[in-house]
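So the structure is just underneath, and the comments pick up after that.
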Amino acid sequence: MDHTEFRVKAKEMVDYIADYLENIRDRRVYPGVQPGYLHKLLPTEAPEKPEKWDDIFKDVDQHIMPGLVHWQSPHMHAYFPALTSYPSIMGDMLSSALNVLCFTWASSPAGTELETIAMNWLGKLLGLPECFLNEKNDSPGGGVIQTTASEATLVSLLAARTRALMELSKLNPELQAAELLGHLICYCSDQAHSSVEKAGLIGLVRMRYIESDEGQSMRGAKLEEAIAADKEKGLVPFWVCATLGTTGSVAFDNLREIGQVCQKHGAWLHVDAAYAGSAFVCPEYRHWLDGVELADSFAFNPSKWLMVNFDCTAMWVKDSTALHRTFNVNPIYLRHENSGKAIDYMVGSQNEDIKKLTLKKINIMNDIDHPKADDNKVDNKFNKNNGVITQIENRNITKVDAVEHWQIPLSRRFRALKLWFVLRNYGVVGIQKHIREGVRLAQKFAALVLADPRFEIPQPSNLGMVAFRLKGDNAFTERLLKRLNARGYIHAVPACFKGIYVIRFTITSQRTTNQDILDDWNEIKIVASEILTDVFG
Ligand code: PLP
């Protein structure tokens, strides 16, 4: 495809996108295809010769589109929203075309600086305390865009693990990292997302699940009880994940109570607000943020409800040096002459003062986290007197410098652009209006459910989600959901709280109207009547 063809075909693509989104209400939200359908339609090998764009695109229309779940549809009620918007699409269009990689300031100065600026804007918009922002170059706090909430959780667990191992190694210099690791334990509620469990598995640490209260909320007293019992056994609590807006029922852990317990025991507090974080742009929902100043890290997905298309997870930390020493490598090819004068989201020398502060700790961690005993190119000398390891090496990687690391991968897309476009094009007022409308529509749906005596809402609903069921046996609701999804006019997924099966009905699309909610409720009532007639005659 040359420039001339691109100009024509890309404009056609823009029309295709606008038509798709404008008319999305008319599409069946859930596809009627069976596993393997696409394999039967497409060749098994890539084409030998170049194909015409029109032929390629014909296959999109005929074969790909019928196999998609239409996440932007107003009848999409499954999971949580994964919204996009025109300014966000334009941000990704431009970012794809530029394809700059923003790992260091030097690799794309505007990319890096715009991310810091947009993350400060967003942090303020949510009402996060100043300690999470990065408005001064030597500020230890700051925001970074991660790929997913799962990754933000893992990054925070690894940073907390490093901090705990450093402390433990000072007290037990004779023990290896693997032995110290066996003493660590972390906590989350029994309602936490599976990605929290996954972070524990990857981090090779024990995880204890705290029983949530009747409102699905993790409370300080239960956490304190578990930590005290674990300390009795010689375990070291090092990380707690609190959820604001659980996946099952959009319940909120009690941040203040949990934060106080974490402070008492020196544990890192991470807040996973993947879905609900967007709601904090509205001051009326910020009561759930009470105690956030006690947290060490906070993450939510603008890629869910804030209309910034996937991927975009906003993560803030109070002390970014904890991340830097966790992922500490500093190859010479990534250093640049402006190192230390601006943020490098992946790697680069830091401000001299921070460098001095963290150098000793980093050196200890080099031994703990990156054992090089089998690498004959690196000669490690461990000085037992002051616990500082000096590495002398003959390849172009050295670890004697303090460096900035905010994430696991090296390369990073220019994701700040789409976030910045959305914040500017909607403005605070536009974003607040969008969130409030989602909540209003969920309340409207809840009122319809409660007015029908065959249905119930076993848990109070929060924000844009309503978890409802047919009264009686779980099997009725299971059958209802299965049949609704098979018909494909609306799409939802289940949840189960303490043995009670429910259908999660989330308002996802910014295009959802009162009439869509009425139509969806009508569809649910029709299918429910069929099922109850099948059962009771
Ligand atoms: N945490 C919570 C509370 C979630 O609801 C989800 C997904 O919906 C996640 C984490 C995982 O998000 P991601 O797909 O960005 O990793």
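Rule-based calculations on the coordinates, nothing more; no lab input. Treat the numbers as computed from the prediction; the structure is a model and nothing was measured. Don't worry about glycine lacking a Cβ; one is built from the backbone with ideal geometry, like all the others, and counts go over all protein chains shown.
Before moving on, here are some points about what is shown:
- Dipole of the chain, positive direction: furthest Cα of S297, A314, I89, with charges on the beta-carbon: S297
- Treating r as the C-beta distance of L94 and T513 and R0 as 25 Å, the FRET efficiency rounds to 0.20.
- Overall form of the chain per C-alpha gyration tensor (a/c, 1.5; a/b vs b/c): oblate
- Sites W53 and I408, calculated FRET efficiency, Cβ-Cβ separation with R0 41 Å, nearest 0.05: 0.70
- Mean projected area of the convex hull spanned by the Cα atoms of the range 94-189, taken over all viewing directions: 9.4 nm².
- Charge dipole magnitude, Cβ of K and R +1, D and E -1 - the chain, Cα centre, debye nearest 20: 380
- Averaging Cα coordinates gives a centre for the range 472-531 and one for the range 204-247; these two points are 33 Å apart.
- Highest to lowest packing among 297-304, 222-229, 19-26, 409-416, scored as the average C-beta count within 10 Å: 297-304, 409-416, 222-229, 19-26
- Take the Cα of E130, go 7 Å toward its beta carbon, and the backbone nitrogen atoms of the range 265-300 under 15 Å from that spot belong to 293.
- Restraint check, K198/K304; K52/K304; K222/K304; K11/K49; K124/K170; K222/K433, Cα-Cα greater than 29 Å: K52/K304; K222/K304; K124/K170; K222/K433
- Charge sum, other residues only, whose C-beta stays under 10 Å from L470's C-beta, Lys/Arg counted +1 and Asp/Glu -1: 0
- Annotation note: chymotrypsin sites (Phe, Trp or Tyr not before Pro) in the range 189-248 located in DSSP loop regions with a Cβ neighbour count of at most 13 within 10 Å are absent.
- Across the range 67-81, rounded Karplus estimates of 3J(HN,Hα) from the backbone phi angles (6.51 cos²θ - 1.76 cosθ + 1.60, θ = phi - 60°) give x, 9, 8, 8, 5, 8, 5, x, 9, 8, 10, 7, 6, 10, x Hz, Gly and Pro being marked x.
- Fraction of antiparallel bridges per DSSP, the chain only, in percent to nearest 5: 60
- Close amide H contacts of A467 (hydrogens built in the peptide plane, cut-off under 5 Å, sequence separation of 5 or more or a different chain): F505.
- Cysteines without a disulfide-compatible neighbour (Cβ-Cβ under 4.7 Å), the chain: C102, C131, C186, C262, C282, C312, C496
- Working from label points 7 Å from Cα in the Cα-to-Cβ sense, the K40 to A18 distance is 3.8 nm.
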